[in-house]
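Notes follow the structure.
Read-outs throughout are calculated quantities, based only on the coordinates presented, and are distinct from any laboratory measurement. Worth saying up front: this structure is predicted, and the values here are computed from it rather than measured. Note: ideal-geometry Cβ built from the backbone for every residue, glycine included; neighbour counts use all protein chains shown.
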Amino acid sequence: MTRTATRGVLFIHSAPSALCPHVEWAAGGVLGNAVNLGWTPQGAQAGTYRAEYSWAGDAGTAAAVASALRGWNQLRFEITEDPTSSTEGARFSYTPELGVFHGVTGLHGDLMIPEDRLKAAVVRTALGDTTMELEIDKLLGKPWDDELEPFRYAGDGAPVRWLHQVV
């Protein structure tokens, strides 16, 4: 079986200090090497820390890291995976309140919505359960973006990488 190499970035937007070493251990377990994150204070939430980590690995690594980190109370993160010549890219966002969002990304970082998810949104709208605007917002991960945006502004001179500009 041929493996497809890719790369991406893990953004830990907020983690309490007690959780930081566990995040490093979990990410390292998936990536197959020790991960030492350069933690900096998170200005958006007192007592929490933020970090970024560029990784390289096989296609599907972002999903594996997201699975390893999801469900941890008080952790907020995003992880991206670049597309390759044979795989689409991915973006996973996680908040304790919303859970995991997964978006498929194309060559230029745009979210690509699968046909079946669009059809389901149209059906829910036609049944009167929701509006098309709300459905499109969910398909694009807007609730996650709204919740994570204050955490993306690291403040205090820490480096900031804007996810909507990652290619």
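Computed values, structure above
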| read-out | value |
| --- | --- |
| Under the Karplus curve 6.51 cos²θ - 1.76 cosθ + 1.60, θ = phi - 60°, whole-Hz ³J(HN,Hα) for segment 49-63, x wherever Gly or Pro sits | 10, 10, 7, 10, 8, 7, 10, 9, x, 6, 4, x, 4, 4, 5 |
| Segment 5-160 - percent relative contact order, Cα under 8 Å, separation 6 or more | 24 percent |
| Two-site label geometry, residue 88 and residue 3: point separation in nm, points 7 Å out along Cα→Cβ | 2.4 nm |
| Whether segment 93-137 is rounded, prolate or oblate, judged on the alpha carbon gyration tensor where a/c under 1.5 counts as rounded | oblate |
| Ellipsoid semi-axes in whole angstrom, largest first, where each is sqrt(5λ) of the Cα gyration tensor of the chain | 27, 21, 14 |
| Spin-label pair residue 142/residue 124, simplified geometry with 7 Å Cα→Cβ offset, distance in nm | 1.3 nm |
